[in-house]
Amino acid sequence: MIDDDPSCHPTRRGLLGTVVAVAATGCSDDGDTPPTESEPNAGSSDVDEPPDPYRPQYHCAAPEGWMNDPNGTVYYDGAYHLFYQAGEERRRWDHATSEDLVRWEHHGTKLSVEDGIQQFSGGGVVDDRNAAGFGEDALVFTYTGHHEDDGVQDQRLAYSHDGGETIEKYDGNPVIGSDVGAFRDPNVFRYEPDGGWRMVVSRVESAPDRPAGIEMYRSDDLREWQYLSTYELTHAMEATAWECPDLYELPVAGTDERRWVLTVSADWDREVHHIGQFDGTEFTAARRVPADQGFDFYAGMTWSNEPEGRRLLVGWLSNWAYAHDVPDLGWQGVQSFPRRVTLVDEGEGLEIRQRPARELEAIRGATLATLEGETVAPGDDPLEGTDVTGRALEIEATIAPGDADIVGVDIRASEDEATKLRYDPHAGRLVFDRSESGAFFSADEHGITSASIPALDDGRLELRLVVDRCSVEAFINDGRAVVSNLIYPDWNSTAVSLVASGGEAEVERFVAHQLTTEAER
């Protein structure tokens, strides 16, 4: 049975707050980047503000110009490749690579707008058996051609013989023709039971001969594709449109079982995991859960060919309601920190767990504070007097609510600003309030999200906060829920505090790490 409990869906308010006025400055690949925060006390408010105060330190961001959907995510020859939608008005593919998921090198445009056709989103694979005839171990990319004259969208191939340094468009394009729009985002994977290839692609709006949903195709050579079925979008799914599909198989931890997960973007503002079965022809879902209950996680895609078999998911940290209006310092757009997706069954059905990729731990710098068995209560903050401040932080906290009505943490705080996370143990909800996280968001307009949090058996709250200048990703209760949001606080808002109201709570464990990189990006 499909899990459509309304409590699984986040509460979202309003549209766009007051835009902060920020002077634009350029940012390029030639070294014009702000200092890293590797110096002692770099998170404190006495460090001079750089010209680009929101540029993240360990997330992939546009070096200049526009960035949205991740594309063509594939691991090849020692590097994680991340192509992405660039060009604010006319979409193309730009390219970045990383060996450690932290430091990203940008390589410029690889699929450009040509002949009136924009290059919309898609995926990438290593063709290690030369099925397509482009050469053994060629990188093969699927993407949507968006025709500027009439809006038609069709599916296309491109390939690379040199690890993405140069990409050639297949001269037989399109490989799946179309005479309608709203048909996009092809993503390909090998289906091991028969050794062939499968493609998932979004029929965002119904066509005369096809319903809206995620279409499945089969191919032996990546060039000729046969339609198989449609996983249909229905009103019961509480969505009006799907795009950016990714279908992959995961083991169920601790068992010999495996299940399929179809991750899709819904209604241009959220990401949903569909858990079920795929028999090579049809996908059927048994449960749906939000991939992220914040405002800012969209167009998620996982890396193919990951060397350890990990399923690593990356998404665009923004929201179409205000993506064009966020502070512009010569660049707009940032990707999430990659998160590992796993499946577990602890007796109440299959559940998704999402945790930051372990590569985050490699950039832990100074441990700013470690607490155990401390009390937090109204007017009693155990972090007072500690060194916990910063703009690039990892915070791990385990809190037993006790008799407190609300427990939580403030980050990127000052006298006038704070990003607030508040947990109500009785309602099982976490409120992420960024209405005082700078001038961009307000209380009435995308300032507050309320997320349903699957409880731990003992009622404790576990938080793992990943903070990087303009973003916060909150992994809650060992990855049972995630809330990701952009923030634009003042440079001098760096304080962190623990809070409780209505009673006392116990901080069983609290560790804060400064996150640093050894070299500038």
Within the stretch 222-237, of all residues that are surrounded by fewer than 14 Cβ atoms within 10 Å (Cβ to Cβ) and not in a strand (DSSP E or B), the one modelled with the highest pLDDT is Glu224
Just need a number here: residues in the stretch 454-468 that are under 12 Å from Pro401 (Cβ atoms) and of a type outside the set (D, E, K, R). 4
Would you be able to say whether some residue in the stretch 73-80 is in contact (Cβ under 8 Å) with a residue 60 or more places away in the chain, crowded, with 22+ Cβ neighbours inside 10 Å and aliphatic (A, V, I, L, M)? yes
Taking the residues in the stretch 81-103 that are more than 16 Å from Trp66 (Cα to Cα) and either aromatic (Phe, Trp, Tyr) or in contact with a Gly (Cβ under 7 Å, 6 or more places away or on another chain) (or both) as candidates, determine which candidate is surrounded by the fewest Cβ atoms within 10 Å (Cβ to Cβ). Glu99
Restricting the search to the stretch 113-126, which residues are surrounded by fewer than 22 Cβ atoms within 10 Å (Cβ to Cβ) and within 23 Å of Tyr80 (Cβ to Cβ)? Val126
If you take the residues in the stretch 405-439 that are part of a loop (DSSP other than H, G, I, E, B) and touching a strand residue (DSSP E or B) at 6+ places or on another chain (Cβ under 8 Å), which one is surrounded by the fewest Cβ atoms within 10 Å (Cβ to Cβ)? Asp416
Candidates Ala138, Ala132, Ala158 - the one that is in the same structural domain as Gln226 (by TED's automatic domain parsing), of a type in the set (Gly, Ala, Ser), under 19 Å from Gln226 (Cβ atoms) and buried (at least 18 other Cβ atoms within 10 Å of the Cβ): Ala132
Selection count, the stretch 440-451, where residues are of a type outside the set (S, T, N, Q) and part of a strand (DSSP E or B): 3
Within the stretch 79-193, considering only strands (runs of 3 or more DSSP E) that don't extend past its boundaries, which have at least 1 residues that are under 19 Å from the mean Cα position of the chain (by Cα) and aromatic (Phe, Trp, Tyr)? 79-86, 92-98, 117-127
Restricted to the stretch 303-346, and to residues that are within 20 Å of Arg103 (Cα to Cα) and of a type in the set (D, E, K, R), which residue is surrounded by the fewest Cβ atoms within 10 Å (Cβ to Cβ)? Glu308
Could you grab me the full set of residues in the stretch 495-509 that are within 30 Å of the chain's Cα centre (by Cα) and surrounded by fewer than 23 Cβ atoms within 10 Å (Cβ to Cβ)? Ala495, Ser497, Val499, Val507, Glu508, Arg509
Only one residue in Thr263, Thr240 is part of a loop (DSSP other than H, G, I, E, B) and out of contact with any Ser or Thr (no Cβ under 6 Å at 6 or more places or on another chain). Which one? Thr240
Counted residues in the stretch 427-453 being within 17 Å of Leu463 (Cβ to Cβ) and either in contact with a Gly (Cβ under 7 Å, 6 or more places away or on another chain) or of a type in the set (D, E, K, R) (or both) come to 7
Looking only at residues in the stretch 261-302 that are under 19 Å from Val334 (Cα atoms) and among the hydroxyl-bearing types (Ser, Thr, Tyr), which one is surrounded by the fewest Cβ atoms within 10 Å (Cβ to Cβ)? Thr302
Set Arg288, Arg353, Arg340, Arg310: member being basic (Lys, Arg) and under 22 Å from Tyr231 (Cβ atoms): Arg288
Of everything in the stretch 220-236, what is over 24 Å from the mean Cα position of the chain (by Cα) and touching a residue at least 24 places away in the same chain (Cβ under 8 Å)? Give them in sequence order. Asp220, Asp221, Leu222, Arg223, Glu224, Trp225, Leu228, Ser229, Thr230, Ala236
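The values are calculated or read from the model by the stated rules, or taken from the named source; none is laboratory data. The shown structure was predicted, so the numbers you read here are calculated from the model rather than taken from an experiment. Don't worry about glycine lacking a Cβ; one is built from the backbone with ideal geometry, like all the others, and counts go over all protein chains shown.
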